[in-house]
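Trainee: I have a structure I would like to understand better, so I am pasting it below and will then ask my questions one at a time.
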Amino acid sequence: MRFVTVSGPPSSGKTAVIIKTLEHLQKAGQQVGVVKFDCLFTDDDELYRKNGIKVRKGLAGALCPDHYFVSNVEECVQWGQMENLNVLVSESAGLCNRCSPHIREILAVCVIDNLSGINTPKKIGPMLKAADIVIITKGDIVSQAEREVFAARVHMVNSKARILHVNGITGQGSFELSTLWTEIEETETVEGKRLRFSMPAALCSYCLGETRIGSDFQMGNVRKMDLEMPTGVKTDGGPTDLGSNT
């Protein structure tokens, strides 16, 4: 089974791109499936079912969706094996720009749209910088010049990735993407494999359910801004020691 991880900011067109791409594989007689990860709600699984794509979904709830993904990805691969899938796609939630949802030796795809702003590529971390393929969507809404400038900004951030323009409505560009998905090596398991980049670090009182605001209620991995406050209350801008309130 070939395994692909797809990530991207919210509403960038991930689901539409996946459906259009998998349509080509279905026409070639391949069995395809998707594991959809999200935070609080998604009905994208119904879209996949309407298109004859086997699907499972998982909602992270109060947990970081990136950590939720890593905690469940091996079981998802096992599900794909049991379903005798030829291609399994993992679609992440619309993640924060610091997330790291890509795995070494597994094809990594990042979907980003032209409407997000030309400086957006610089604001996205490992999700974009560690991707093998970057899909740019909604190019039909902007001018050719804007498309070229945006693609150049993406290239500046990730010069090794292959950049493709895909229209999630018409499917233009999705066939080329589907051929890239069939050329990758098969995956039997992801157990023991490593993420391409470490995940965002956070273990503080707010992670454990604290809702009160103030230094007296902040414990664990807490980072303060250097606001050049008067002597005695100035913060150092770095992470505090475990249990510190400074």
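The values are calculated or read from the model by the stated rules, or taken from the named source; none is laboratory data. The model shown is predicted, which means the values in this text are computed figures rather than measured ones. When we count neighbours, we look across all protein chains shown, and the Cβ atoms used for this are built from the backbone with ideal geometry, even at glycine.
Trainee: Residue pairs, Cβ under 9 Å, 6 or more apart or interchain, first in segment 41-53 and closer than 17 Å to Gln26 by Cβ, second assigned to a helix (DSSP H, G or I) and among the polar types (S, T, N, Q). List them.
Mentor: Listed pairs, sorted by first residue: Leu47/Thr15; Tyr48/Thr15; Asn51/Gln26; Gly52/Gln26; Ile53/Gln26.
Trainee: What are the residues in segment 1-27 that are at pLDDT 95 or above and out of contact with any Ser or Thr (no Cβ under 8 Å at 6 or more places or on another chain), if any?
Mentor: Hits for segment 1-27 are Thr15, Ile18, Ile19, Gln26, Lys27.
Trainee: Restricting segment 135-173 to residues that are assigned to a loop (DSSP other than H, G, I, E, B) and hydroxyl-bearing (Ser, Thr, Tyr), which is nearest to Leu115 (Cα to Cα)?
Mentor: Ser143
Trainee: Considering (1) part of a loop (DSSP other than H, G, I, E, B); (2) of a type in the set (Asp, Glu); (3) modelled with pLDDT of 95 or more, say which one Glu210 fails and leave the rest.
Mentor: Glu210 satisfies all of (1) part of a loop (DSSP other than H, G, I, E, B); (2) of a type in the set (Asp, Glu); (3) modelled with pLDDT of 95 or more except (3).
Trainee: Report yes if Arg104 is within 24 Å of Ala202 (Cα to Cα), among the basic types (Lys, Arg) and surrounded by fewer than 18 Cβ atoms within 10 Å (Cβ to Cβ), otherwise no.
Mentor: So Arg104 fits the description; yes.
Trainee: State whether one or more residues within segment 151-162 are surrounded by 14 or more Cβ atoms within 10 Å (Cβ to Cβ), among the basic types (Lys, Arg), touching a Pro at 6+ places or on another chain (Cβ under 7 Å) and modelled with pLDDT of 90 or more.
Mentor: yes
Trainee: Restricting segment 14-32 to residues that are buried (at least 22 other Cβ atoms within 10 Å of the Cβ) and in contact with a strand residue (DSSP E or B) (Cβ under 6 Å, 6 or more places away or on another chain), which is farthest from Gln172 (Cα to Cα)?
Mentor: Filtering segment 14-32 for residues that are buried (at least 22 other Cβ atoms within 10 Å of the Cβ) and in contact with a strand residue (DSSP E or B) (Cβ under 6 Å, 6 or more places away or on another chain), the one farthest from Gln172 (Cα to Cα) comes out as Val32.
Trainee: Then there is this: Hey, does segment 80-92 have a residue that's of a type in the set (S, T, N, Q) and crowded, with 21+ Cβ neighbours inside 10 Å?
Mentor: Yes, some residue in segment 80-92 is of a type in the set (S, T, N, Q) and crowded, with 21+ Cβ neighbours inside 10 Å.
Trainee: Please specify each residue of segment 54-70 satisfying the condition of being among the aliphatic types (A, V, I, L, M) and either farther than 16 Å from Leu203 by Cβ or free of Cβ contacts under 8 Å to residues at least 12 places away in the same chain (or both).
Mentor: Those that are among the aliphatic types (A, V, I, L, M) and either farther than 16 Å from Leu203 by Cβ or free of Cβ contacts under 8 Å to residues at least 12 places away in the same chain (or both): Val55, Leu59, Ala60, Ala62, Leu63.
Trainee: Could you check segment 103-125 and list, in sequence order, the residues that are outside any helix (DSSP H, G or I), on the phi < 0 side of the Ramachandran plot and either in contact (Cβ under 8 Å) with a residue 40 or more places away in the chain or not assigned by TED's automatic domain parsing to the domain that holds Leu88 (or both)?
Mentor: Residues satisfying the conditions are Ile103, Arg104, Ile106, Leu107, Ala108, Val109, Cys110, Val111, Ile112, Asp113, Ile124, Gly125.
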